[in-house]
Amino acid sequence: MINFNVPPCAEKAMDYIKECVKNQKICGDGAYTKRCNEWIEKRTGTAKCLLTTSCTHATELAALLADIRPGDEVIMPSYTFVSTADAFVLRGAVPVFVDIRPDTMNIDEKLIEAAITEKTKAIVPVHYAGVACEMDTIMEIAKRHGLKVIEDAAQGIMSTYKGKALGTFGDFGCYSFHETKNYSMGEGGALLIREEKDVEDAEIIREKGTNRTKFIRGQIDKYTWINYGSSYLPSDMNAAYLYAQLEIADEINDARLACWNHYYERLTPLADAGKIELPTVPEGCVHNAHMFYIKVADGTERERFMNQYLKAENGIYAVSHYVPLHTAPAGLKFGRFHGEDRYTTRESERLVRLPMYYGLTMEQVDYICDKVINYFA
Ligand SMILES: *Cc1c(COP(=O)(O)O)cnc(C)c1O
């Protein structure tokens, strides 16, 4: 049997967690949280990184910081995880879904401008599979219309667009360290803040509306309640687990890329023969091998190939992905689709994700490719 995902774990994780326990330093904003924040700041060049309890919470924080209010509209793809929309729906905003590009499954940047109304407040690009959205175009549109940009870079750590890290283009960027992501702390995430001016507000909202972060740094001698807020601090034990992986981030990334490239090479003849489609990585994008997917003819074919053939007959756990949000009960209730759904539904029904995780071996990739090739022969 080959699993779809195995959560990443670095060798040093247990030592670091033990250290937290031994020193009785297990609450939020301890030494390991600080190390993770600094590592991400250094690696991405963002002005500030704050570790959070999830990417969902990082996005909620971003929605609060962007001052999203009831009736505001937020433009995003429908082909994404629920949290992309939820964070804004919680503020009373309306998600306005725009169609995707079939080559990357990312929001079609050419359709964004037509979806802008007087109520539009923000654009939320989602970097699917760690492959960047067309950020030059998106940032230019946002600037011209005075809109905020909040990047859902849940899958995008270690990826770049024209040499710049994903999550650092928009006013805010959100990373996920869920166990299904390239780097994990079980449950966790990070908020990347582009401008210094937003850092203090972010620290306050993340710490229950208090200026406790300033107090911990010794900048004030007692802390108090000064704004609305919530609690978005992960335990330092979780940060310790994550930090062990960040220390070997390149090694993890290289191993994933090697698997991804091997899949791509071996399945290219099938794509050339018109049997399947492979992912596209546009010029200027460097990706992090978050996901390897193929596209089959349609939903019926997917069911047969993925569940019957790969899983039941060969023990390979491949999985589908998002059901478009605009077709879900909450999507119908809270959002609307702008324009025509040419690709969102059709492409989502054809997509199959093959096993991909740190620790997957080349032999396993070969075995999977043999089976895939055999099916389409
Ligand atoms: C995983 C994921 C999220 C949610 O991340 P959590 O850390 O589980 O909250 C949001 N958006 C996308 C695109 C994701 O892949």
Next item on the list: Round to the nearest 10 and give me the degree value, 0 to 90, for the angle of helix 31-44's Cα axis relative to the longest principal axis of the chain.
Entry: 60 degrees
Note to self: Among Ile107, Ile220, Ile141, which one shows the highest mean-square fluctuation when the chain is modelled as a Gaussian network with alpha-carbon springs under 10 Å?
What the structure shows: Ile220
Checklist line | Order of Val199, Val352, Val74 under a 10 Å beta carbon neighbour criterion, fewest first | finding: Val199, Val352, Val74
Next item on the list: Would you calculate the separation in nanometres between label points at Lys333 and Arg346, each defined as 7 Å from the Cα along the Cα-to-beta-carbon direction?
Entry: 3.1 nm
Item checked: Three-way shape label, region 222-352, alpha-carbon gyration tensor, a/c 1.5 -> oblate
Notebook entry, point to check: R0 = 56 Å: FRET efficiency of Ala312 with Phe215, Cβ-based, nearest 0.05?
Noted result: 0.45
Item checked: Whether the chain is rounded, prolate or oblate, judged on the alpha carbon gyration tensor where a/c under 1.5 counts as rounded -> oblate
Notebook entry, point to check: Rounded to the nearest 500 deg cm²/dmol, what is the calculated helix-only ellipticity per residue at 222 nm for the chain, with -39500 (n - 2.57) per DSSP H run of length n ≥ 4?
Noted result: -10500 deg cm²/dmol
Next item on the list: Convert each backbone phi in region 91-99 into a coupling constant with the Karplus relation 6.51 cos²θ - 1.76 cosθ + 1.60 (shift: θ = phi - 60°), then list the ³J(HN,Hα) values in order as whole Hz, x for Gly and Pro.
Entry: 8, x, 7, 10, x, 10, 8, 10, 5
Notebook entry, point to check: For region 255-270, in order, what is each residue's ³J(HN,Hα) by Karplus, 6.51 cos²θ - 1.76 cosθ + 1.60 with θ = phi - 60°, in whole Hz (x at glycine and Pro)?
Noted result: 5, 5, 4, 4, 5, 4, 5, 5, 3, 4, 4, 5, 9, 4, x, 5
Check: Hey, which of these cross-link pairs are over 31 Å Cα-Cα: Lys18/Lys208; Lys110/Lys333; Lys22/Lys42; Lys121/Lys295; Lys25/Lys121?
Finding: Lys121/Lys295; Lys25/Lys121
Next item on the list: Collect residues whose amide H, placed 1.01 Å from N in the peptide plane, falls under 5 Å from the amide H of Glu179; neighbours closer than 5 in sequence don't count.
Entry: Gly186
Check: Check Phe337: other-chain or 5+ apart residues with amide H under 5 Å from its amide H, H built from backbone geometry?
Finding: Phe97
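With a ≥ b ≥ c taken as the square roots of the eigenvalues of the C-alpha gyration tensor of region 26-126, please select rounded if a/c is under 1.5 and otherwise prolate if a/b is larger than b/c or oblate if it is not?
The shape class here is prolate.
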Check: What FRET efficiency would be calculated for the residue pair Glu19, Thr300, taking the C-beta separation as r and a Förster radius of 45 Å, to the nearest 0.05?
Finding: 0.25
Notebook entry, point to check: Say each of Ile26 and Lys119 gets a label point 7 Å from the Cα, pointing the same way as Cα to Cβ; how far apart are those two points in nm?
Noted result: 4.7 nm
Check: Long-range amide H contacts for Thr120: which residues qualify at under 5 Å (H placed 1.01 Å from N, peptide plane, sequence gap of 5 or more or a different chain)?
Finding: Glu73
Notebook entry, point to check: How much length is gained on full extension from Lys197 to Met362, taking 0.36 nm per residue of separation minus their Cα-Cα distance?
Noted result: 54.7 nm
Next item on the list: In debye, nearest 20, what is the charge dipole magnitude of the chain about its Cα centre with +1 on Lys and Arg Cβ and -1 on Asp and Glu Cβ, if you could check?
Entry: 740 debye
Next item on the list: Give, rounded to the nearest 20 debye, the magnitude of the charge dipole that region 228-377 has about its Cα centre when Lys and Arg contribute +1 at Cβ and Asp and Glu contribute -1 at Cβ.
Entry: 660 debye
Checklist line | Leading residue at positive end of dipole, region 114-187 (Cβ point charges), from Met158, Ala115, Phe172 | finding: Ala115
Note to self: Could you derive backbone 3J(HN,Hα) for region 160-170 from the dihedral phi with the Karplus parameters 6.51, -1.76 and 1.60 (θ = phi - 60°), listing whole Hz in sequence and x where the residue is Gly or Pro?
What the structure shows: 9, 10, 6, x, 10, 5, 5, x, 10, 7, x
Next item on the list: Would you please state the base-10 log of I(q)/I(0) at q = 0.17, 0.22 1/Å for region 146-192, with intensities from the Debye formula using one equal scatterer on every alpha carbon?
Entry: -0.46, -0.71
Check: Most mobile of Ser231, Ser348, Ser159 per a Gaussian network model of the chain (Cα springs, under 10 Å)?
Finding: Ser231
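Only the coordinates and a few stated rules stand behind these numbers; no lab work does. Keep in mind that this is a model prediction, so the values were computed, not measured. Here the Cβ is made from the backbone with ideal geometry for all residues, glycine too, and neighbour counts use every protein chain on show.
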